[in-house]
């Protein structure tokens, strides 16, 4: 093994380009009485390298409820005022209030250049008077911020926002064929609380999950994560080891995990040995490292909610199978269909209620995925996946 192999790993990861992930739509809604202001953050992979937004078509429509066919509002969104930061496009638009508390807003984004599109729905009539966390520099409302970012909660003036920090670490997604023992996340306990005013800048320097709300007697609020500066990429040896579980056997990663947490040097050597043993030669290992951690970074970019994107059900499937050939949005669910592996493979994700996010999807697991899963993992382990 060459002495500086791990330095090469870190160099390869630092040059990962987030380019192949799907369009992701996020939005926060603030109720101003007669209108709702929609603060949208749309991640379009192509915009990271090509800033031409004229090829984007954005529209919306509002239905009376999730099950209704009645359309109350519809229009296109003009991108005359927006902010572009990497592949993230931030903009806002107003929708006239409907007076219907069950109203659902649907936002559709089409990239005509790459023939990609996405649609997402949001509860419009809930009467929220403050939006999620806003990055003061980029004006983007997101599911996560970075350590030291200047942030604020957008909303009606002079409201108290109560913010809790929850230090718990969430486990990674279970394999798609596992149907038992799925509810093993830790009990959530806040280790600190503070109060900020809406529209007032503040900074957070401690990583973790945060929950913000106006009424401490309610369960309603919004969650967001604070991550390290390099996120969605990973650089430390501890971060690089954990995602290996999707393509590894227990006997392969157990020796790495058994090394003392404060012995970063030995963990680095063990990580070297892992990749070289899997690839059999250094040149092949380089390609495998680049491909795998590219997928990790893209999953973090696209799917981070209350936990890191790579740990979510969508993130796990994306990492192993890549971008789906077809995505279908049905009521309360999303289907990913793959047709590039000699058969049609379909994964269904159900939207579930979650205290921290409106974008929590759970995979419908089935024992019949076993052969398909192990076949794709073996493709990774053999070095057949290179991008």
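Considering the stretch 59-115, the residues that are touching a helix residue (DSSP H, G or I) at 6+ places or on another chain (Cβ under 8 Å) and surrounded by fewer than 17 Cβ atoms within 10 Å (Cβ to Cβ) include one that is nearest to residue 326 (Cα to Cα), namely 114.
Condition test on residue 38, is it at negative phi, modelled with pLDDT of 85 or more and not in a loop (DSSP other than H, G, I, E, B)? When the stated conditions are applied, residue 38 passes them. Cβ-Cβ contacts under 6 Å between residues 6 or more apart (or on different chains), taken from a first residue in the stretch 235-255 that is on the phi > 0 side of the Ramachandran plot to a second residue that is buried (at least 18 other Cβ atoms within 10 Å of the Cβ), are absent.
Within the stretch 331-368, the set of residues being over 30 Å from residue 213 (Cα atoms) and in a strand (DSSP E or B) comprises 335, 336, 337, 338, 345, 346, 347, 348. The residues of the stretch 199-213 that are under 16 Å from residue 134 (Cα atoms) and part of a loop (DSSP other than H, G, I, E, B), listed by number, are 199, 200, 201, 204, 205. Looking only at the stretch 277-315, count every residue that is in a helix (DSSP H, G or I) and under 24 Å from the mean Cα position of the chain (by Cα) and tell me the total. Going through the stretch 277-315 one residue at a time, the tally reaches 22. For residue 348, the conditions (1) free of Cβ contacts under 8 Å to residues at least 40 places away in the same chain; (2) on the phi > 0 side of the Ramachandran plot; (3) under 19 Å from the mean Cα position of the chain (by Cα) are fulfilled apart from (2).
Residue by residue through the stretch 171-209, note down the ones that are in contact with a strand residue (DSSP E or B) (Cβ under 8 Å, 6 or more places away or on another chain) and within 30 Å of residue 249 (Cα to Cα). Result: 173, 176, 188, 207, 208, 209. The strands (runs of 3 or more DSSP E) falling completely within the stretch 143-192 that include 2 or more residues that are surrounded by fewer than 18 Cβ atoms within 10 Å (Cβ to Cβ) map to 160-166. Here 214, 182 are screened, and the one residue that is more than 19 Å from the chain's Cα centre (by Cα), modelled with pLDDT under 95 and closer than 29 Å to residue 243 by Cα is 182.
A single member of 182, 124, 114 is over 30 Å from residue 373 (Cβ atoms) and in contact (Cβ under 8 Å) with a residue 40 or more places away in the chain, and it is 124. With respect to residue 126, determine if the residue is crowded, with 21+ Cβ neighbours inside 10 Å and either in a strand (DSSP E or B) or at pLDDT below 90 (or both). Answer is no for this residue.
Residues that are farther than 21 Å from residue 175 by Cβ and surrounded by fewer than 16 Cβ atoms within 10 Å (Cβ to Cβ) within the stretch 237-266 comprise 238, 255, 258, 260, 261, 262, 263, 264, 265, 266, listed in sequence order. Counting residues in the stretch 348-356 that are modelled with pLDDT under 95 and buried (at least 19 other Cβ atoms within 10 Å of the Cβ) gives one or more.
Restricting the stretch 41-58 to residues that are outside any loop (DSSP other than H, G, I, E, B) and in contact with a helix residue (DSSP H, G or I) (Cβ under 9 Å, 6 or more places away or on another chain), the residue that is modelled with the lowest pLDDT is 45.
Among the residues of the stretch 14-21, none qualifies, meaning not one is closer than 22 Å to residue 334 by Cβ and modelled with pLDDT of 85 or more.
The values are calculated or read from the model by the stated rules, or taken from the named source; none is laboratory data. Bear in mind that the values here come from a model prediction, so they are computed numbers and not experimental data. Here Cβ is always computed from backbone atoms with ideal geometry, including for glycine, and neighbour counts include all displayed protein chains.
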